[in-house]
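The block underneath contains the structure these notes are about, expressed in structure tokens.
The values are calculated or read from the model by the stated rules, or taken from the named source; none is laboratory data. Source: prediction; values computed, not measured. No Cβ is skipped: glycine too gets one built from the backbone with ideal geometry, and neighbour counts run over all protein chains shown. Note: accessible area is taken over every heavy atom of the protein model, side chains too, but ligands, DNA and RNA are not part of it. Shrake-Rupley method; radii C 1.70, N 1.55, O 1.52, S 1.80 Å.
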Amino acid sequence: HKVLRLLSDQPNEPELSRLRMRANGQIAMFGWREGMTAEQVKPFIEEALGWARKIDTTMTSLLLAADGGISVASGRSADDYAARIKEALALDCKEPSPGRAATLNALFCHAKWLAGCLNKALAANSWALQNVSDISTFDEQFLGLDVEQWMRSLRGRILVRLGQFGEAEKNLQQVLSIDQSRLDPAVQFIPHLAYVDLAYFGRNPAVANEHALHISASSEKIQNPYLTVYALGCLGTARFVEGEFDAAASKLIEGIEFAKSAKAALEFEPEMMATLADCHYQMEDFEKAETIAQQAIEVAQQRGARLAVCRASVISASVIHAAHGVKRQAEAIERLTCAEDLIRYTGAEVFLDRVAQVRALISNSSPPAAAQEG
């Protein structure tokens with residue numbers, strides 16, 4: 001912003017215009033950290049793209065990626081983000097650059113992760129890591145992070161949701177074995193976030209608490225809205241794993257409300273809502289649990305967040321069965337079928353155990369065949 005102010009009364013000379021383009025682009029690229037919305041970023045993107053068309057078309061693909069990233073962080077669909085990156089990749093094919101292709105595949109991995117397309121995310125992740133040495137210093141500076149460590153960290157999260165816990169933990173241990181202090185906080189917290197995921201599905205309170213507290217400490221240190229949302233959500237998840245469901249619900253509500261007010265990390269909102277619904281289910285407040293689970297499904301569908309839709313659908317089926325039994329059995333089964341379809345589509349085998357548990361509960365409570373026929 002200061003660069004743009006200094007340039008406001010300067011002539012449109014090539015080097016000054018290049019600075020205008022880069023300043024606008026960086027505002028778009030970093031806006032998600034401070035809660036800028038897609039609407040607020042739009043004029044900066046448009047100006048940067050305008051300059052790119054005039055003086056440096058190689059910047060266009062990065063600017064399209066920035067546009068997609070801010071859109072998903074401010075609550076739009078992850079599918080739109082992925083479409084923007086595909087558009088950028090198509091542009092790069094016209095002027096091939098191995099480094100830029102690696103950068104864009106890293107971003108495509110992120111987009112497909114948020115959309116819940118785990119196998120596609122993993123494939124893009126592998127491609128980016130294999131070619132990470134080709135990424136230019138300029139691209140890394142524009143993104144503002146170490147692409148290799150970002151991809152290695154995100155790979156851990158993807159492997160957890162694929163149900164490959166052993167591979168996930170091996171990956172995360174390798175990531176955490178390097179000096180984390182030199183990494184951007186937006187990358188540094190990801191392996192700890194993956195460990196909270198791992199602890200949630202493995203029901204390991206000590207691990208969940210350790211890594212949630214690490215994220216919370218980082219958040220308090222740098223006072224970043226984006227990281228604050230994840231810190232609150234992870235603290236809530238840790239309390240859930242410990243069986244402190246009321247305390248978990250309190251933290252999750254705080255995280256959801258903060259995300260909405262700060263307009264930051266809205267891609268994490270459906271996950272927090274799903275966990276909140278599960279808290280109320282565990283506390284046998286079935287009415288509230290059903291309402292929140294349904295809201296989580298709707299928000300996740302709007303944002304193209306298939307993993308959250310899947311998870312909330314399983315929780316919804318659990319709640320409907322617990323509260324209504326055979327009266328709404330067909331509805332509970334429909335929710336499970338939706339979850340199973342999403343598991344096949346996304347590859348998220350981590351949800352299979354709970355689906356099987358709920359199906360068994362429904363099956364065991366079904367009336368005898370003769371009674372059904374009668």
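Are there helices (runs of 4 or more DSSP H) fully within the stretch 116-214 with at least 1 residues that are out of contact with any helix residue (DSSP H, G or I) (no Cβ under 8 Å at 6 or more places or on another chain)? List them.
118-130, 137-143, 165-176
Search the stretch 256-291 for residues being among the aromatic types (F, W, Y) and within 13 Å of S318 (Cα to Cα), and hand back the single one that is surrounded by the most Cβ atoms within 10 Å (Cβ to Cβ).
Step by step, filter the stretch 256-291, then rank; the result is Y281.
Identify all residues within the stretch 42-75 that are farther than 25 Å from A102 by Cα, within 23 Å of the chain's Cα centre (by Cα) and modelled with pLDDT of 85 or more; write none if there are none.
Of everything in the stretch 42-75, just one residue is farther than 25 Å from A102 by Cα, within 23 Å of the chain's Cα centre (by Cα) and modelled with pLDDT of 85 or more, namely K42.
Against the condition modelled with pLDDT of 95 or more and among the polar types (S, T, N, Q), how does Q141 come out, does it pass?
No, not satisfied.
Can you tell which of E254, E271 is closer than 15 Å to G75 by Cβ and either in contact with a Leu (Cβ under 9 Å, 6 or more places away or on another chain) or not charged (D, E, K, R) (or both)?
So the residue among E254, E271 that is closer than 15 Å to G75 by Cβ and either in contact with a Leu (Cβ under 9 Å, 6 or more places away or on another chain) or not charged (D, E, K, R) (or both) is E271.
Of the residues that make up the stretch 141-164, is at least one among the hydroxyl-bearing types (S, T, Y) and surrounded by fewer than 21 Cβ atoms within 10 Å (Cβ to Cβ)?
no
Pull up the stretch 124-140, narrow it to residues that are open to solvent by 60 Å² or more (accessible area, probe 1.4 Å) and over 21 Å from L63 (Cβ atoms), then point me to the one that is farthest from the chain's Cα centre (by Cα).
Looking at residues that are open to solvent by 60 Å² or more (accessible area, probe 1.4 Å) and over 21 Å from L63 (Cβ atoms), I get S133.
Give the number of residues within the stretch 260-269 that are over 14 Å from G236 (Cα atoms) and in a helix (DSSP H, G or I).
Counting residues in the stretch 260-269 that are over 14 Å from G236 (Cα atoms) and in a helix (DSSP H, G or I) gives 5.
Looking at the stretch 36-45 only, could you name the residues that are surrounded by fewer than 22 Cβ atoms within 10 Å (Cβ to Cβ) and either without any contact (Cβ under 8 Å) to a residue 60 or more places away in the chain or within 15 Å of N224 (Cα to Cα) (or both)?
Selection gives M36, E39, Q40, K42, P43.
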